Amino acid sequence: MPSSNAARATFVRPCQLLLIQSAPVWAPVHSHADSWDNSFAVAPCSRKIGPKRGVLEILVFYVIAGAIAGLLGGLLGIGGGMILVPVLVYTLPAQGVDSAVLMQTALGTSLATIALTAVSSILAHHRRGSVPWHVVSRMTPGIVLGTLLAGSLAAVLPGALLRRGFGAFLLFVALRSLRPPRRDPGRALPGTWRLMGAGGGIGLLSGLTGIGGGSLTMPYLSRRGLDLKSAIGGAAACGLPIAISGTISYLIAGRTAAGLAPGSSGFIYWPAVAGMGIATLWCAPYGARLAHRLPERGVRAIFAGFCVLVGLRMVLA
């Protein structure tokens with residue numbers, strides 16, 4: 001029946017295209033590639049799921065990608081950005097995003113997606129009383145300023161530099177993830193200005209890498225004397241101002257950029273935000289449940305392996 005075939009195509013084609021677009025993660029690097037887009041080109045990728053494919057198919061495509069990101073994020077205990085940015089980098093060219101603005105669009109779209117999912121995480125930690133609001137409130141002004149600056153810098157920095165910077169950051173996180181976070185319970189909490197300065201640095205780096213900042217904020221708070229639950233809750237709460245101010249910054253910075261896909265505002269591709277945000281929010285708890293069934297050392301090894309694989313691909317491509 002035609003209707004049955006059409007319905008099947010709506011869901012099957014995005015699955016096929018997602019696998020095709022993500023395949024270059026494991027493909028060998030070709031140093032002679034003409035551009036970032038071409039370095040990931042494979043023959044089947046010539047098919048695009050842009051405007052001609054229809055809004056529904058695009059949304060289904062990113063729902064599937066968001067579900068994978070949510071499961072991995074919950075399993076590995078990390079914010080969505082480390083998963084979302086690589087997924088977006090490997091899939092946005094299929095939507096018509098030019099290679100010159102590919103990395104900026106991936107970073108901005110990742111932050112906008114995190115803004116949708118951060119609220120539920122904050123509420124969950126707040127109900128458990130594990131958010132140190134007196135610390136978060138003093139870090140937030142610096143976070144906002146740092147993240148706003150990041151969007152402005154990303155707009156003028158070459159995409160290749162942003163890509164390699166993100167890859168190097170993943171390699172750093174992979175190395176650090178093999179060691180449990182250290183805590184100094186006797187260390188006094190820094191004053192307001194130092195917390196604000198730390199927030200500025202965290203906001204700047206988070207904005208330039210498209211992450212919610214949990215991998216930076218949690219170790220920082222833990223080393224400043226907070227217990228692990230409070231450090232995690234504080235990192236979750238700091239993720240919201242990072243995501244919101246980062247979204248605004250990339251929205252403004254890319255308002256006159258060329259080479260964006262239809263459905264974009266600045267460096268934010270809204271179909272991906274809608275599809276990935278909903279799916280990530282729904283699937284992350286299932287990944288977290290799976291993580292509790294696996295040994296901690298095994299989860300750390302999986303996380304480190306993921307970061308090394310994607311980080312090297314970003315740096316060397």
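The values are calculated or read from the model by the stated rules, or taken from the named source; none is laboratory data. As the structure is a prediction and not an experimental result, all values here were calculated from the model. Heads up, the Cβs are rebuilt from the backbone with ideal geometry, glycines too, and the neighbour counts pull from every protein chain shown.
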Residue check: is I302 closer than 24 Å to T109 by Cβ, of a type in the set (V, I, T) and touching a helix residue (DSSP H, G or I) at 6+ places or on another chain (Cβ under 8 Å)?
-> no
Any residue in the stretch 98-115 that is outside any helix (DSSP H, G or I), modelled with pLDDT of 85 or more and farther than 16 Å from S215 by Cα?
-> yes
With criteria (1) modelled with pLDDT of 85 or more; (2) loosely packed, with under 15 Cβ neighbours inside 10 Å; (3) within 24 Å of P219 (Cβ to Cβ), G146 comes up short on (2)
